[in-house]
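Data first, discussion second: the structure below is written as structure tokens.
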């Protein structure tokens with residue numbers, strides 16, 4: 001039986017703990033209009049949560065600045081050599097199998 | 001005369017009126033694009049390469065390697081922290097991609113599939129090596145009073161002082177160390193989100209978790225990193 005979706009409740013006067021739990025959805029713009037209004041209302045009155053939000057955002061921004069490393073040249077060369085060798089071996093096994101099959105077919109005929 | 005706090009363009013601006021306690025908040029705009037933008041190859045380009053790979057074209061594998069090796073190397077290296085282990089993971093991933101190309105479903109993205117192979121291989125290696133350590137997050141998470149208020153007040157806004165006190169390299173080094181202290185799956189979620197710029201949905205497909213589980217892990221990991229940074233700056237993590 002299909003269940004009816006209940007309307008999302010908008011609890012009044014959110015606590016700092018609740019605001020902290022909503023930060024991720026706030027940044028992803030995933031809060032419903034009512035919850036977002038409560039969220040903003042709390043921020044207007046609570047400098048602690050403003051500080052929390054700023055430092056949370058700063059943490060994400062700082063993590064995003066970690067520079068991607070270049071693949072060391074020897075790692076790149078080793079990996080490509082490994083792959084070529086594996087493919088060569090696989091092709092060799094395949095061709096050997098074909099040759100054996102052809103030989104067997106020729107013998108039976 | 002109002003005293004302006006936290007004036008960084010990215011941050012919220014608070015105006016505190018002199019003797020009063022009323023606070024005005026401006027600039028609270030949700031930022032869906034707060035994640036690092038992700039370099040993406042076109043799906044069409046990927047589709048052509050996958051078709052060639054399925055036909056056993058060795059050059060297609062090299063082309064895919066050249067397109068994705070750096071990104072996959074970074075993810076694996078951040079998870080494993082060891083160049084030799086990372087090298088083996090990268091080799092395994094591309095070899096698996098070549099062998100199992102036929103099982104690749106066209107409705108998935110090539111990048112998601114490759115990331116998934118990489119993260120699984122790296123996490124598997126980490127599990128087998130038993131380098132996996134038990135981490136206690138509690139010390140670095142925010143704490144609250146019974147009524148839900150912050151336990152330590154005022155909460156210090158160090159978002160501007162971080163850059164003043166430390167160079168970007170120092171912050172990056174510190175954060176890389178803090179990332180290493182995270183549980184492997186949490187670390188993977190942060191790497192894929194904040195370093196690779198993936199959406200929660202893409203991370204969920206890559207890690208084989210529900211979107212809600214991804215969000216929980218991501219949030220907890222960021223709280224931990226935030227706490228680590230706060231303590232590093234001489235403030236309370238709470």
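Average partner chain C-beta neighbours within 10 Å, per residue of B:142-148?
Shielding by partners across B:142-148 averages 4.
Per the helix-only calculation at 222 nm, which mean residue ellipticity applies to chain A, given -39500 (n - 2.57) for every DSSP H run of n ≥ 4 and division by its residues, nearest 500 deg cm²/dmol?
Rounded to the nearest 500, it is -25000 deg cm²/dmol.
For peptide B:150-159, what's the mean number of Cβ atoms from other chains within 10 Å of each residue's Cβ?
6
Considering every residue in A:21-34, what mean count of other chain Cβ atoms within 10 Å of its Cβ is obtained?
3
Order the peptides A:74-80, A:84-90 from the highest to the lowest mean number of other Cβ atoms within 10 Å of their residues.
Ranked by mean Cβ neighbours within 10 Å, highest first: A:74-80, A:84-90.
Does region B:138-232 come out rounded, prolate or oblate by the C-alpha gyration tensor, with a ≥ b ≥ c the root eigenvalues, rounded set by a/c under 1.5 and, if not, prolate when a/b is larger than b/c and oblate if not?
Oblate.
For a test of the definition: using alpha carbon positions, the gyration tensor, and the 1.5 limit on a/c, classify region A:16-64 as rounded, prolate or oblate.
Because a/c hits 1.5 or more and a/b fails to exceed b/c, region A:16-64 counts as oblate.
How tilted is helix A:47-64 with respect to the longest principal axis of chain A? Cα atoms for both, answer in degrees (0 to 90, nearest 10).
Here the helix axis deviates by roughly 20 degrees.
When you count, for each residue, the other Cβ atoms within 10 Å and take the mean per peptide, how do A:95-102, B:194-201, B:50-57, B:104-111 rank with the highest first?
Most protected by this proxy first, the peptides run B:194-201, B:50-57, B:104-111, A:95-102.
How far, in degrees from 0 to 90, does helix A:73-108 lean away from the longest principal axis of the Cα atoms of chain A, to the nearest 10?
Relative to chain A, helix A:73-108 is tipped by roughly 40 degrees.
With a 10 Å cut-off between alpha carbons and a GNM built on chain A, which of A:39, A:82, A:52 moves the most?
Ranking A:39, A:82, A:52 by mean-square fluctuation puts A:82 first.
Once you have the Kirkwood Rh of region B:57-204 from its Cα pairs, apply Stokes-Einstein at 4 °C and 1.567 mPa s and quote D in µm²/s.
For the chosen part, D equals 73 µm²/s.
With a cut-off of 8 Å between alpha carbons and a minimum separation of six or more residues, what is the relative contact order of region B:43-129 in percent?
The value is 37 percent.
Which order results if B:143, B:183 are arranged by neighbouring Cβ count within 10 Å, fewest first?
Going from sparsest to densest Cβ surroundings: B:143, B:183.
Each reported figure results from applying straightforward, stated rules to the coordinates on display, with no laboratory input. Just so we're clear, the structure is a prediction, and the values are computed from it rather than from any experiment. Positions of Cβ are generated from backbone atoms using ideal geometry, with glycine treated the same way; all protein chains shown enter the neighbour counts.
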